[in-house]
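Asks: Please find one structure pasted underneath; my questions will follow.
Just so it is clear, none of the values below were taken in a lab; they were calculated from the coordinates. Owing to the predicted nature of the structure, the values given are computational and were not obtained by experimental measurement. Please note: Cβ atoms are built from the backbone with ideal geometry, for glycine as well, and neighbour counts cover all protein chains shown.
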Amino acid sequence: MYNDIYNKIEQFDNIFIARHIGVDPDALCSQLALRDSIQLTFPNKNVFAIGMGSTRFSGFGRLDKYIKMADSLLIVCDTPDNNRVDLAKVEDFSFSIKIDHHPFIEKFCDIELIEDNTSSTCEIIMKILKETNLLCNSNISQLLYLGLVSDSNRFLFNSCTNETFSLVSYYLEHYPFDLSKSYDLLYLRPLSEVRLEGYISLNMIVTDNKLGYIVISNDKLLELGVDTASPGNMINNFNYIKEVLVWVTITEDKKNKQYRLSIRSRGPVINGVAEKHHGGGHKYASGVKSPSLDAAMKVINDLDLLLGDFLKEEYEETCI
C-alpha cells in the first residue's frame with residue numbers, strides 16, 4: 001500500500017495534508033514531515049499542511065492557509081473518523097488517503113492505511129519514506145522523531161517494537177539531527193504549565209477503584225494563565241501514580257461550550273467507554289468531548305465501574 005500512496009502523490013499536482021482537530025505533536029509532525037518530503041521530492045507540486053495551529057507547538061513549523069483547488073489530493077494523518085478532520089471536507093477533493101495508527105472507526109477515504117499496532121502516525125510515515133522514493137532530510141527526520149517520541153511517551157508504551165527502534169536508528173544514521181534541541185521543542189514549557197501540573201497533583205480526586213480525575217474550570221485556566229489544551233497536553237505526566245490506574249482531566253472549553261476529557265490507563269481498556277460517549281482513541285489513551293459537566297461525570301462514572309470490574313477480575317485471578 002505504501003507504493004499505492006506514492007503513486008497517488010505522484011499523480012496529483014495539488015496536495016493538501018490534514019489531521020485531527022485539537023492538534024498534538026504526532027498529528028502535526030506527521031503532516032509537516034509528509035508535506036516537506038513531498039515538496040522536496042516534487043519541487044513543482046503545490047503541497048499544503050492545513051489545520052488550526054497551537055502556540056504550544058509553534059516551534060515545529062508553519063502551517064499553510066487552505067485555499068480550495070480543483071483536481072486536488074487530500075491526505076489525512078492521525079485521524080480515525082471524518083468528523084474530526086480539521087478544516088478539510090473529504091468530498092471537496094478528487095481523491096483522499098488516510099494514514100493512521102488509531103483503531104478503525106469508519107472508512108471515509110479512498111485509500112486507508114491503518115496500522116493500529118504502531119506507536120504513532122509518524123512511525124508509519126517513516127516506513128513510507130523508507131520504502132518509497134519520497135525524499136528525506138535532517139529536518140524531516142527530526143519532525144518524525146518528535147511525533148514518535150511524543151505519542152509513545154519517550155518509548156514507554158508497548159506499541160514500541162524492535163521495528164520502531166530500528167527505524168529510529170536508521171533515521172538517526174542517515175538523517176542526523178540534534179537530539180538535545182529536539183527534546184527542548186517537546187518539553188520546554190512556561191512556568192504557568194508547571195503550576196497547572198502542581199494544581200492537578202494537589203487536587204486530583206482518587207476513587208476507591210483507583211480512578212483519578214480532576215475538573216478544571218475556565219476560571220481556573222484564566223487564573224493560572226493557560227489555555228484549554230494545556231491539561232490534556234500534560235496527561236502523560238501522571239502515568240506512574242501507584243494508587244491510580246486510570247486518570248482523567250476534565251477541562252472546561254467555554255468558547256466551544258463543551259468539556260474536554262483526556263483519559264489514560266495503565267491497565268483497563270478504556271476506548272470502549274470513550275466510544276460509548278461519542279469519543280474514541282486507543283486502548284489505553286482516549287478522549288471525549290462532552291456537552292456539559294453532567295455528561296462528563298457520566299463518563300467518569302462508567303470508568304469507575306469499569307475499574308471496579310477490572311479490580312474484581314484481578315482479585316479473583318490471584319485467588320485461583
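Asks: Nearest 20 debye, what's the magnitude of the dipole of the range 2-187 about its Cα centre given +1 on Lys and Arg Cβ and -1 on Asp and Glu Cβ?
Replies: 480
Asks: Counting Lys and Arg as +1 and Asp and Glu as -1, each charge on the Cβ, what is the dipole of the chain about the Cα centre in debye, to the nearest 20? Before the final figure, lay out each step's value.
Replies: On the way: 32 positive and 44 negative charges, 168 e Å.
The dipole magnitude comes to about 800 debye.
Asks: If you don't mind, there's one more thing I want to ask. Pick out, from Phe238, Ser292, Thr207, the residue whose Cα sits farthest towards the positive end of the charge dipole of the range 191-319, with +1 on the Cβ of Lys and Arg and -1 on the Cβ of Asp and Glu.
Replies: Value: Ser292.
Asks: Under a point spin-label approximation (7 Å from Cα along Cα-to-Cβ), what is the Ser169-Arg62 distance to one decimal in nm?
Replies: 3.8
Asks: Around Leu185, under 12 Å between beta carbons, what's the net of Lys plus Arg minus Asp minus Glu among the other residues?
Replies: On the way: positive: Arg56, Lys181, Arg189; negative: Asp178, Asp184.
Neighbourhood net charge equals +1.
Asks: Does the chain come out rounded, prolate or oblate by the C-alpha gyration tensor, with a ≥ b ≥ c the root eigenvalues, rounded set by a/c under 1.5 and, if not, prolate when a/b is larger than b/c and oblate if not?
Replies: Note, shape of the chain comes out prolate.
Asks: Going by alpha carbons, how many degrees (0 to 90, nearest 10) lie between the helix axis of 191-203 and the longest principal axis of the chain?
Replies: 40
Asks: Also, I was wondering about something else. What share of Cα pairs, in percent, lie more than 26 angstrom apart in the range 108-220?
Replies: That tail contains 40 percent of the Cα-Cα pairs.
Asks: Give me the dipole magnitude in Debye, nearest 20, for the range 197-320 about the Cα centre, with unit charges on the beta carbon: positive for Lys and Arg, negative for Asp and Glu.
Replies: With only Lys, Arg, Asp and Glu charged at Cβ, the dipole is about 420 debye.
Asks: Taking the alpha-carbon centroid of each part, what is the distance from the range 159-198 to the range 254-320 in angstrom?
Replies: Rounded to whole Å, the Cα centres lie 28 Å apart.
Asks: What residue among Thr55, Thr41, Thr79 shows peak mean-square fluctuation when the chain is described by a Gaussian network model with Cα springs under 10 Å?
Replies: Thr55
Asks: Still on this structure, please answer the following. Exposed loop sites here are chymotrypsin sites (Phe, Trp or Tyr not before Pro) in DSSP loop states with at most 12 other C-beta atoms within 10 Å. What is the longest stretch of the chain lacking them? It would help to have the intermediate numbers written out before the result.
Replies: Values: sites that count: Phe104, Tyr240.
In short, 105-239.
Asks: Leu305 to Asn3: FRET efficiency via 1/(1 + (r/R0)^6), r the Cβ-Cβ distance, R0 41 Å, to the nearest 0.05?
Replies: In this case the efficiency is close to 0.30.
Asks: Springs between alpha-carbon atoms under 10 Å, Gaussian network over the chain: tell me which of Leu135, Leu156, Leu32 tops the mean-square fluctuations.
Replies: Most flexible of the set in this elastic network: Leu156.
Asks: Write down the percent of antiparallel bridges among all DSSP beta bridges whose residues are both part of the chain, to the nearest 5.
Replies: The antiparallel fraction comes to roughly 45 percent.
Asks: I'd like to know which of Pro190, Val168, Ile128 lies farthest towards the positive end of the charge dipole of the chain, counting +1 on Cβ of Lys and Arg and -1 on Cβ of Asp and Glu.
Replies: Pro190
Asks: Tabulate in residue order the Karplus-calculated ³J(HN,Hα) for the range 134-141, using 6.51 cos²θ - 1.76 cosθ + 1.60 with θ = phi - 60°, rounded to whole Hz; enter x for Gly and Pro.
Replies: 5, 8, 9, 8, 5, 5, 5, 4
Asks: Mind checking which aspartates and glutamates have their C-alpha under 13 Å from Lys68, skipping anything on the same chain fewer than 8 residues away?
Replies: Glu91, Asp92
Asks: May I pose another question? May I ask you to list the trypsin sites (Lys or Arg not before Pro) in the range 138-198 that are in a DSSP loop and have at most 16 other Cβ atoms within 10 Å of their Cβ?
Replies: Filter output for the range 138-198: Arg154.
Asks: Now, a different point. In terms of the Cα gyration tensor, with a ≥ b ≥ c the square roots of its eigenvalues, is the range 148-211 rounded because a/c is under 1.5, prolate because a/b exceeds b/c, or oblate?
Replies: oblate
Asks: Rounded, prolate or oblate: which one fits the range 2-187, using the alpha carbon gyration tensor with axes a ≥ b ≥ c (rounded when a/c is under 1.5, else prolate when a/b beats b/c, else oblate)?
Replies: Judged from the Cα gyration tensor, the range 2-187 comes out rounded (a/c under 1.5).
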